[in-house]
1. Please name all residue pairs, on different chains or six or more residues apart, with Cβ atoms under 9 Å, provided the first residue is in segment 76-99 and is under 13 Å from ILE115 (Cα atoms) and hydroxyl-bearing (Ser, Thr, Tyr) and the second residue is at pLDDT 90 or above and open to solvent by less than 10 Å² (accessible area, probe 1.4 Å).
2. Out of everything in segment 64-79 that is of a type in the set (Val, Ile, Thr) and open to solvent by 30 Å² or more (accessible area, probe 1.4 Å), what residue ends up being nearest to GLY122 (Cα to Cα)?
3. Mind checking whether some residue in segment 51-63 is open to solvent by less than 50 Å² (accessible area, probe 1.4 Å), farther than 18 Å from GLN114 by Cβ and of a type in the set (Asp, Glu)?
4. Looking for something open to solvent by less than 70 Å² (accessible area, probe 1.4 Å), modelled with pLDDT of 90 or more and of a type in the set (A, V, I, L, M) - is there at least one such residue anywhere in segment 125-135?
Amino acid sequence: MTLRARRVVLVLGCLAVACTGGRTTTPTPRPDAAPGRELPTSVHVGRITFDVSCTPVAEALVDIELPHAGEPKIRAVTGLWDHQAVAVLANDPKTCGVWVLGLAQGLSGEAADQIHQEVADGVKSFGVTASPVPREP
């Protein structure tokens, strides 16, 4: 599937999720988050529940904001279907990352492993935070 086709599927998926509404998620302390930071154990986008982990997602691969009532912000991860995985704003670059991974509940082990590998490859290639855009002299 080409990048353009993936983006079209992603946008259509976002629209479908937008029609279902969102629910507010109350953050609960996680043992793998930095002191003073609270990551939710799960988030809801429409009818889908995503388990949040302290797995960093490269900011360069985080693009479209998904409809979600409340905090934290949730975005799609480029190249991943938003019904499988999302990026959750952790804003914790020294511990978990600025964005962390949320995996949909009920994924197969194989799908989860592939998503973890893609996310790890993204962090390896781009780092956790996006590089500043160079300015013209």
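1. Between residues of segment 76-99 that are under 13 Å from ILE115 (Cα atoms) and hydroxyl-bearing (Ser, Thr, Tyr) and residues that are at pLDDT 90 or above and open to solvent by less than 10 Å² (accessible area, probe 1.4 Å), the close pairs are THR78/GLY122.
2. THR78
3. Checked against the condition, which is being open to solvent by less than 50 Å² (accessible area, probe 1.4 Å), farther than 18 Å from GLN114 by Cβ and of a type in the set (Asp, Glu), segment 51-63 yields at least one hit.
4. no
The values are calculated or read from the model by the stated rules, or taken from the named source; none is laboratory data. This one's a predicted model, so the numbers in the text were calculated from it and none came from an experiment. Cβ coordinates were reconstructed from backbone atoms using ideal geometry, including for glycine residues, and neighbour counts include every protein chain displayed. To get the accessible areas, we keep the full protein, side chains included, count just its heavy atoms, and leave off ligands, DNA and RNA. Shrake-Rupley method; radii C 1.70, N 1.55, O 1.52, S 1.80 Å.
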